[in-house]
Amino acid sequence: MEKRYPVILGIESSCDETAAAVVQDGRKVLSNVISSQIQVHKLYGGVVPEIASRKHIENIDGVILQALSEAQMTWDDIDAIAVTYGPGLVGALLVGVAEAKALAYALHKPLLGVHHMKGHIAANYISNAQWQPPFLCLVVSGGHTHLAMVEDYQHYRILGKTRDDAAGEAFDKVSRALGLGYPGGPKIQAAAENGKADAIHFPRPCLEEEGYDFSFSGLKSAVLNYLNQQEMKGEAVQAADVAASFQAAVIDVLVHKTMQAAQAMGVRRVAIAGGVSANKPLRKALEEACAKEKMEFCCPEFILCTDNAAMIACAAYYEYTQGEHADLRLNANPNLTL
């Protein structure tokens, strides 16, 4: 008889993407459907939580059915239902959690609650089938900037985190100030391609401090102060130079702290994850830093950097195989810690 590999349906709705995916044996993605709300939220310069929740309600059934269809699976083929239950926007999370609980109850399937950051880290397992713990992972997104020591598939140790603005949040705010629009990450990267990274010296917060924490609020304020000063002096702002100089400052801090932690922990393998990990200059800088120190480097495919459900199903696989299931009391936890 042919060996039966676990098939998990993953659901993700922590922010402004409604996503569903079917993943076999933890790493084989059979479908990965993402319904983005960017076009809606860009009108407001950022995610509006109430609108995000309503859109999730409208989209979630169709996204799940599409994921099943693309995977050529029926409900009978699904072994478990996995869902992000935190952290994130509480209203958005509740939509996914309620859907997953209803499906698990109606279909008599195991329910698996997944930490959103564990999902981002697990995206590396999909992109590189040989990648496995232990390794150090830099998780950078709109809501998180963490350095996590991944000791095994279920145990993580946070070495450092942001004290204020996350890197992605700083990208969004600077992009808005420059009039580039939302989402900030891709806008800043595109503008920076035509600018000079050394045109303006912005501070590198926490660079000289011991420890592995991050802080981007001061850097964001430095950019805003520069723009105000230029306006007061009646001088033109070269948006491309500002974008390039700001991006370079963020990358310097992220790479320096990551390599500092990797060397201190004695690890030889470094990964990156989260929405900001799609930033090409950041990926290149970290890859080059790892190559210089003869460390292995892993990063997810671009489609797996931003919020998606394949990473959630992948992370859930390691709970499923250990028999760690949730029950119908599972609730959204917007402030869930790792």
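Rule-based calculations on the coordinates, nothing more; no lab input. Model, not experiment: these values are computed from the prediction. Quick reminder, even Gly has a Cβ in these numbers, built from the backbone with ideal geometry, and neighbours come from all protein chains shown.
Once you have the Cα-Cα distance between residue 252 and residue 58, take 0.36 nm times their residue separation minus that, and quote the gain in nm to one decimal.
This chain segment gains 65.7 nm when fully extended.
Let me know the charge dipole size of the chain about its Cα centre in debye, to the nearest 20, where only the beta-carbon of Lys, Arg (+1) and Asp, Glu (-1) is charged.
300 debye
With springs connecting C-alpha atoms under 10 Å apart, model the chain as a Gaussian network and identify which of 147, 103, 112 has the largest mean-square fluctuation.
The residue that fluctuates most here is 103.
Whole-Hz Karplus ³J(HN,Hα) for region 105-112, in order, using 6.51 cos²θ - 1.76 cosθ + 1.60 and θ = phi - 60°, x for Gly and Pro?
Result, rounded to whole Hz: 5, 5, 9, 6, 10, x, 10, 10.
Once you put a point 7 Å from the Cα of residue 301 and another 7 Å from the Cα of residue 225, both along the Cβ direction, what distance in nm separates them?
Here the modelled spin labels are 4.4 nm apart.
Straight distance only, please: which lysines reach the Cα of residue 109 with their own Cα at less than 17 Å, same-chain residues fewer than 8 apart left out?
In chain and number order, the partners are 101.
Where does each of 201, 144, 115 land when they are ranked from fewest to most other beta-carbon atoms within 10 angstrom?
Result, fewest neighbours first: 201, 115, 144.
At 0.36 nm per residue, minus the direct Cα-Cα distance, what do residue 329 and residue 74 gain on full extension? Give it in nm, one decimal, please.
89.2 nm
Can you compute the charge dipole magnitude of region 1-115 about its Cα centre, using +1 on each Lys and Arg Cβ and -1 on each Asp and Glu Cβ, nothing else charged? Give it in debye, rounded to the nearest 20.
In debye, rounded to 20, region 1-115 gives about 180.
Checking the cross-link filter: which lysines have an alpha carbon closer than 21 Å to that of residue 196, excluding same-chain neighbours under 8 positions apart?
Once the sequence-local lysines are set aside, what remains near residue 196 is 173, 187, 220, 280, 284.
Go ahead and estimate [θ] at 222 nm for the chain from helices alone: -39,500 (n - 2.57) per DSSP H run with n ≥ 4, summed, over the residue count, rounded to 500.
Only helices count here, giving -14000 deg cm²/dmol.
Quick one: in region 297-338, what % of C-alpha pairs are over 15 Å apart?
63 percent
Could you check what % of the DSSP bridge pairs in the chain are antiparallel, to the nearest 5?
60 percent
In the chain, with Lys and Arg counted as +1 and Asp and Glu as -1 at Cβ, which of these residues, 203, 270, 298, has the Cα nearest the positive end of the dipole, that is, farthest along it?
Positive-most Cα among the choices belongs to 203.
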